[in-house]
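Structure first, commentary second.
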Amino acid sequence: MGPGITKYAEALFPIFMDGLADKHAEVRSNAAFGVGAFVEGATIDASAYFGDILKALFPLIQLADNPNNARDNAAGCVARLILENADAVPLGDVLPAWVGALPIRGDHLEDMPVYDAVCFLLKHKRAE
């Protein structure tokens, strides 16, 4: 999305968050990707919303299957949160569920942020 998304942040963020609880797997999957792309691309500090985002992503991370790549997109979103501001992510609580959702199984566009987040955590000795 890039920095151009910033001017739409106030309008888009609630739509993405509502989408994370939608009854349709494809909407939930797209919303997870959208939230992650928003956090990654916007020039505002969204870390105050990380708790709400993580709570909304948790059911997707816990999925036994991967409908419409929902689990993969949720894992990619968590990776983007970590890369954006790891201090705002309760790593001790998040990492076990996040690692349990790996490896990415269907949406391999999420591989790069996941690998980057794993490398970041290891490099900065943050794998709590």
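The values are calculated or read from the model by the stated rules, or taken from the named source; none is laboratory data. None of the values given here were measured: they were computed from a predicted structure. Ideal geometry is used to build each Cβ from the backbone, glycine not excepted, and the neighbour counts take in all protein chains shown. Only protein heavy atoms, including side chains, enter the accessible area calculation; ligands, DNA and RNA are left aside. Shrake-Rupley method; radii C 1.70, N 1.55, O 1.52, S 1.80 Å.
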_Test of understanding: among Val78, Val99, which residue is free of Cβ contacts under 8 Å to residues at least 60 places away in the same chain and within 10 Å of the chain's Cα centre (by Cα)?_
Val78
*Just give me the residues in region 103-128 being of a type in the set (A, V, I, L, M), touching a helix residue (DSSP H, G or I) at 6+ places or on another chain (Cβ under 6 Å) and either under 19 Å from Asn66 (Cα atoms) or at pLDDT 95 or above (or both), in sequence order.*
Ile104, Val114, Ala117
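Can you report the number of residues in region 1-60 which are of a type in the set (Ser, Thr, Tyr) and within 18 Å of Arg71 (Cα to Cα)? Show your work before the answer.
As a first pass, look at region 1-60 and keep what is of a type in the set (Ser, Thr, Tyr): 6, 8, 29, 43, 47, 49.
Among the residues that remain, those that are also within 18 Å of Arg71 (Cα to Cα) are: 29.
Residues flagged as of a type in the set (Ser, Thr, Tyr) and within 18 Å of Arg71 (Cα to Cα) within region 1-60 amount to 1.
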*asked:* Please go through (1) under 22 Å from Ile5 (Cα atoms); (2) buried (at least 19 other Cβ atoms within 10 Å of the Cβ) for Val89 and return the number of the only condition it doesn't satisfy.
replied: (1)
*Among residues belonging to region 26-51 that are aliphatic (A, V, I, L, M) and open to solvent by less than 20 Å² (accessible area, probe 1.4 Å), point out the one that is farthest from Leu109 (Cα to Cα).*
Ala46
